[in-house]
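Visitor: Below is the structure I would like to discuss, written out as structure tokens.
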Amino acid sequence: MPTGYYTHPAFLLHEMGHFHPECPERLQAIEDHLISHAVDGLLDHREAPAATEEQIERVHRPAYVSELTSISPAAGYYQIDPDTSMNRHTLTAARHAAGAAVAATDAVIAGELENAFCCVRPPGHHAEPDRAMGFCFYNNVAIAARHALAAHGLERVAIIDFDVHHGNGTEAAFRDDPRVLMCSFFQHPFYPYSGAERIAPNMSNIPLPAYSNGMAVREVVETIWLPRLNEFKPEMLFISAGFDAHREDDMGQMGLVEQDYAWITAQMITVARAHAQGRIVSCLEGGYNLSALGRSVLAHLKVLLEM
């Protein structure tokens with residue numbers, strides 16, 4: 001079965017101002033690398049639908065969803081926080097980003113796809129049930145995971161987050177939910193300054209100091225993540241695939257390289273095959289050095305494709 005690749009033209013229309021690091025060029029850099037390395041043609045390309053209000057509200061409170069609609073600007077920008085703003089295309093892009101994750105979940109569970117990568121923006125893992133922050137509006141991976149539980153009747157799902165920042169929104173959505181195991185590492189102390197205290201039983205979130213390299217991360221995966229995942233036996237894996245822990249990315253101060261992302265992906269495939277019929281849906285989160293982002297997503301996808 002093929003690897004799905006979900007994207008949508010609306011993702012290129014959302015932008016938060018000149019020189020903002022979360023920019024449309026991120027997706028173009030990824031696609032350029034896939035084409036130049038002859039990987040693009042091996043993927044099953046699918047256009048992301050928009051998520052429904054019901055799907056979004058499995059994670060986000062209705063009042064928050066209504067508020068985002070009411071503040072969406074007709075022109076210019078609406079500033080939510082110093083780093084996060086909306087233009088007139090933002091909500092459309094956010095709905096399609098969440099819809100990509102939901103559609104990928106449906107296709108992988110149906111057996112149409114072996115696994116899938118959602119090349120989306122805006123990212124999602126900082127979006128809390130009632131708050132947009134950190135470039136994020138809807139929590140794409142959380143919406144997809146909740147969809148797998150609610151619409152498909154899965155009993156256990158795992159969320160893997162290897163972004164340099166803690167996925168505070170994902171933790172807020174699933175804290176103390178025994179059906180969900182979240183495994184992450186993140187630079188600490190660092191934005192959003194969460195995840196290291198009062199850790200819930202279903203959270204395996206590992207703070208790492210700045211300048212941690214791939215060997216430190218591999219030790220975390222081998223000694224902490226893998227035992228927890230194999231004990232939990234997830235029926236599906238969701239990946240918050242942030243690539244800003246790369247050593248060339250100025251957004252953080254960690255030291256990963258492409259081979260580390262490939263290795264982590266391979267470990268998750270092993271877990272998925274052991275417990276989840278190989279089912280993985282991965283969604284783009286961070287990654288702001290365009291060259292490092294393109295190379296890292298290429299490495300991630302080549303493993304999903306078994307190249």
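Just so it is clear, none of the values below were taken in a lab; they were calculated from the coordinates. What you see is a predicted model, and the numbers here were worked out from it, not measured in a lab. When we count neighbours, we look across all protein chains shown, and the Cβ atoms used for this are built from the backbone with ideal geometry, even at glycine.
Visitor: For the stretch 61-119, enumerate the residues that are among the aliphatic types (A, V, I, L, M), closer than 14 Å to N140 by Cα and touching a residue at least 60 places away in the same chain (Cβ under 8 Å).
Guide: Once the filter is applied, which keeps residues that are among the aliphatic types (A, V, I, L, M), closer than 14 Å to N140 by Cα and touching a residue at least 60 places away in the same chain (Cβ under 8 Å), the stretch 61-119 yields A93, A94, A97, A100, A101, A103, A104, A116.
Visitor: Here is a further query. Hey, among E128, E114, which residue is surrounded by fewer than 24 Cβ atoms within 10 Å (Cβ to Cβ) and closer than 25 Å to E258 by Cα? Spell out how you get there, then give the answer.
Guide: Details: E128 fails: closer than 25 Å to E258 by Cα.
The match here is E114.
Visitor: Residues of the stretch 112-145 being out of contact with any Leu (no Cβ under 8 Å at 6 or more places or on another chain), assigned to a loop (DSSP other than H, G, I, E, B) and within 25 Å of H89 (Cβ to Cβ), which ones?
Guide: Within the stretch 112-145, P122, G124, H125, H126, A127, P129, D130, G134, F135, Y138, N139 meet the criteria.
Visitor: It is to be established whether one or more residues within the stretch 147-160 are of a type in the set (D, E) and buried (at least 24 other Cβ atoms within 10 Å of the Cβ). Working first, answer last.
Guide: We begin by selecting, within the stretch 147-160, every residue of a type in the set (D, E); these are 155.
When the remaining residues are screened for being buried (at least 24 other Cβ atoms within 10 Å of the Cβ), the result is none.
Checked the stretch 147-160: no residue is of a type in the set (D, E) and buried (at least 24 other Cβ atoms within 10 Å of the Cβ).
Visitor: Another question, if that's okay. Just checking, how many residues over the stretch 146-173 are in contact with a Leu (Cβ under 9 Å, 6 or more places away or on another chain) and not in a loop (DSSP other than H, G, I, E, B)? Before the answer, list the steps.
Guide: Applying the first criterion (in contact with a Leu (Cβ under 9 Å, 6 or more places away or on another chain)) to the stretch 146-173 yields 148, 155-160, 162, 164.
Filter again for not in a loop (DSSP other than H, G, I, E, B), leaving 148, 157-160.
The number of residues fulfilling the criteria is 5.
Visitor: Next question, about the same structure. Would you mind stating whether R273 is of a type in the set (D, E, K, R) and under 21 Å from G4 (Cα atoms)? Outline the logic, then answer.
Guide: Numbers: of a type in the set (D, E, K, R): yes; under 21 Å from G4 (Cα atoms): yes.
Answer is yes for this residue.
Visitor: Filter the stretch 208-223 for residues that are without any contact (Cβ under 8 Å) to a residue 40 or more places away in the chain and closer than 26 Å to G134 by Cβ and give the result.
Guide: The answer is P209, A216, V220.
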